[in-house]
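Asks: First the structure, then my questions, so here it is.
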Amino acid sequence: MSNNFYGWSLDIEDWINLRNTLKSMNLDWKSTPLKKSREDAIPQTCGIYLITGSMPFDVNQDYFDFKTPLYVGISAKNLRRRFASHCKGELGGVRKLVRTWLPADLDFLYASVDKVIDHRSIETLIYDLETELMNAFGTPANLRYQKTSYLKEEV
């Protein structure tokens, strides 16, 4: 398990765990710019999200127009409320992002989570998926290291 928040994981287990979880959850992902005007499009459900971005400045180079996950988060109650707070840069890790990127230049990828797939509660399930995404992508704006519930149980 990677403890690296400096880019994509080089540990194949991180990617296998993420693939297995995403496959079993079969989420319907959507994307919107991190703009306050898009707030009403975000559901008021619990779910998971990523904030992605391309380079904050155009470097005038071919092939540099790609996006990468910069932050992963969950909302156990209301994705829309979390979206609105990120548009304002209210939470720690995202506050650092909006010092470098304009919020409107960031994308908010999200999926509602409304069904359990195993013995875990929805809250534990989305926490574990958040952790797996953080481990795989090494999201630099996430400020804390966390372990999945299934690793905590092994300890």
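Asks: Among (i) 45; (ii) 65; (iii) 59, only one was calculated for this model; which label is it, if the read-out is percent of Cα pairs over 21 Å apart?
Replies: (i)
Asks: Same structure, new question: Cβ neighbours within 10 Å, averaged per peptide: list 56-62, 79-85 in order, most packed at the top. Don't skip to the end; give the middle numbers.
Replies: Numbers: 56-62: 8.3, 79-85: 18.4.
Result, highest mean Cβ count within 10 Å first: 79-85, 56-62.
Asks: To continue, here is another question. Quick check: the distance between the Cα centres of region 39-67 and region 7-24, to the nearest angstrom?
Replies: 20
Asks: Given the peptides 96-102, 45-51, 117-123, arrange them by the average over their residues of other C-beta atoms within 10 Å, most packed first. Each step should come with its number before you reach the end.
Replies: On the way: 96-102: 16.3, 45-51: 22.3, 117-123: 11.9.
So the order, starting with the most tightly packed, is 45-51, 96-102, 117-123.
Asks: Shifting gears a bit: What's the magnitude of the charge dipole for the chain around its Cα centre, counting Lys and Arg as +1 and Asp and Glu as -1 at the beta-carbon? Answer in Debye, nearest 20. Don't skip to the answer; put the middle values down first.
Replies: Working: 20 positive and 20 negative charges, 137 e Å.
Using Cβ point charges on Lys, Arg, Asp and Glu, the chain gives about 660 debye.
Asks: Compute and list, largest first, the equivalent-ellipsoid semi-axes of region 86-142 from the alpha carbon gyration tensor, each √(5λ) rounded to a whole angstrom. List each step's numbers first, then the result.
Replies: Working: eigenvalues 139, 32, 19 Å².
Working from the Cα gyration tensor, I get semi-axes of 26, 13, 10 Å.
Asks: Keeping all protein chains in place, calculate the accessible area per residue for the chain (probe 1.4 angstrom), answer in Å².
Replies: On the way: 8840 Å² over 155 residues.
With the other protein chains kept in place, the chain gives 57 Å² per residue.
Asks: If you don't mind, another one. Can you spot the lysines whose alpha carbon is less than 16 Å from Lys96's alpha carbon? Ignore those fewer than 8 places along the same chain.
Replies: Cα-Cα hits under 16 Å: Lys88.
Asks: Region 35-125: D in µm²/s via Stokes-Einstein (Kirkwood Rh, Cα pairs, 37 °C, 0.692 mPa s)? Please report the intermediate quantities before stating the final value.
Replies: Numbers: Rh = 14.2 Å.
Once the numbers are plugged in, D ends up at 231 µm²/s.
Asks: Rank Phe57, Leu109, Tyr145 by how far each Cα sits towards the positive end of the charge dipole of region 41-146 (+1 on Lys, Arg Cβ; -1 on Asp, Glu Cβ) and give me just the farthest.
Replies: Looking along the dipole axis, the top candidate is Tyr145.
Asks: Summarise the accessible area of the chain (1.4 Å probe, protein heavy atoms) by the percent that is carbon and sulfur.
Replies: On the way: 4670 of 8840 Å².
In the chain, the share of accessible area belonging to carbon and sulfur is 53 percent.
Asks: Now for a separate question. Summing -39500 (n - 2.57) over the DSSP H runs of n ≥ 4 in the chain and dividing by its residue number, what mean residue ellipticity at 222 nm do you reach, to the nearest 500 deg cm²/dmol? Before the final figure, lay out each step's value.
Replies: Values: 5 runs with 54 residues, N = 155.
The per-residue figure over the chain is -10500 deg cm²/dmol.
The values are calculated or read from the model by the stated rules, or taken from the named source; none is laboratory data. None of the values given here were measured: they were computed from a predicted structure. Backbone-built Cβ (ideal geometry, glycine too); neighbour counts: all protein chains shown. Keep in mind that these areas ignore ligands, DNA and RNA; they rest on the heavy atoms of the full protein, side chains included. Shrake-Rupley method; radii C 1.70, N 1.55, O 1.52, S 1.80 Å.
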